[in-house]
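First comes the structure, then the notes that go with it.
The values are calculated or read from the model by the stated rules, or taken from the named source; none is laboratory data. Remember, predicted model here, so these are calculated numbers, not experimental data. Here the Cβ positions follow ideal geometry from the backbone for every residue, glycine too, while neighbour counts run over all protein chains shown. Ligands, DNA and RNA are stripped out before the accessible areas are found, and what is left, the full protein with its side chains, is counted by its heavy atoms. Shrake-Rupley method; radii C 1.70, N 1.55, O 1.52, S 1.80 Å.
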Amino acid sequence: GLTSSPLINGYHWYKYDGAGFGGAPLIIKDLSPSDTVNLDTNKVVLFVKNADLEIRSKINLTGGQGFFMAISERNIIIDPTVGGVHDVNPDLEGIYIADQDIRTGLGTQQLHVRGSVVGNTGVQLERILSDNSLYPAELFEYAVDQMMLFPGDLTPNRLTWREVAP
């Protein structure tokens, strides 16, 4: 199931182990009519083990304050309904890392991601707009705030250089 740890250094840490559920995917879906998960100023790190991560809602943050990172041992699959018309508002914000593929979903709406995506075996850009001449089907916007808010607990220890006498 989905387990969480106490708040550590200002970050909420969640882990989902699909092994106990026959490898069933973890699904992110907002139950309100907005179909948007608003994390606001929260800082969330999600680990998915033995399963895919399926995203069926928009994920939004407060710029410069909120942080979201999802790391999946398998695939990250974005539902084709996540997206919309071309505008300045992103559909997904955060850092998304999959040991296998990230799939944007076979859809006809633009997917706007503000952050980073990494698929260790590939990123499958599957969307096709009816008119690709004006806007891209997938738009990736670099989010420096997400890099600056990356949790120090996930970075390697820093080296300390000292000059020593020969």
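Below 9 angstrom from the Cβ of Asp91, what's the summed charge of the other residues (Lys, Arg +1; Asp, Glu -1)? Walk me through the numbers on the way to the answer.
Values: positive: Lys58, Arg114; negative: Glu93.
Once all neighbours under 9 Å are counted, the net charge is +1.
Taking Asp91, Asp153, Asp17 in turn, the Gaussian network model of the chain (Cα-Cα springs below 10 Å) assigns the largest fluctuation to Asp153. Within the listed set Ile27, Ile97, Ile76, the residue fluctuating most in the Gaussian network model of the chain (springs between alpha-carbon atoms under 10 angstrom) is Ile27.
The residues packed around Leu106, meaning those with a beta-carbon under 9 Å from its beta-carbon, carry a net charge of +1 if Lys and Arg are +1 and Asp and Glu are -1. Summing charges over all other residues whose Cβ lies under 15 Å from the Cβ of Leu129, with Lys and Arg as +1 and Asp and Glu as -1, gives -4.
Just the accessible area per residue of the chain, please: how many Å² with a 1.4 Å probe? Present the calculation step by step, with values, prior to reporting the outcome.
On the way: 9460 Å² over 166 residues.
I get 57 Å² per residue for the chain.
Using heavy atoms of the protein chains and a probe of 1.4 Å, the accessible area assigned to Tyr142 is about 150 Å². Adding -39500 (n - 2.57) for every DSSP H run of four residues or longer, then dividing by how many residues the chain holds, sets the calculated 222 nm ellipticity at -500 deg cm²/dmol.
Summarise the accessible area of the chain (1.4 Å probe, protein heavy atoms) by the percent that is carbon and sulfur. Walk me through the numbers before you get to the answer.
Numbers: 5230 of 9460 Å².
Of the solvent-accessible surface of the chain, carbon and sulfur hold 55 percent.
Given a cut-off of under 8 Å on Cα pairs at least six residues apart, what relative contact order in percent is computed for the chain? Rounded, it is 15 percent for the chain.
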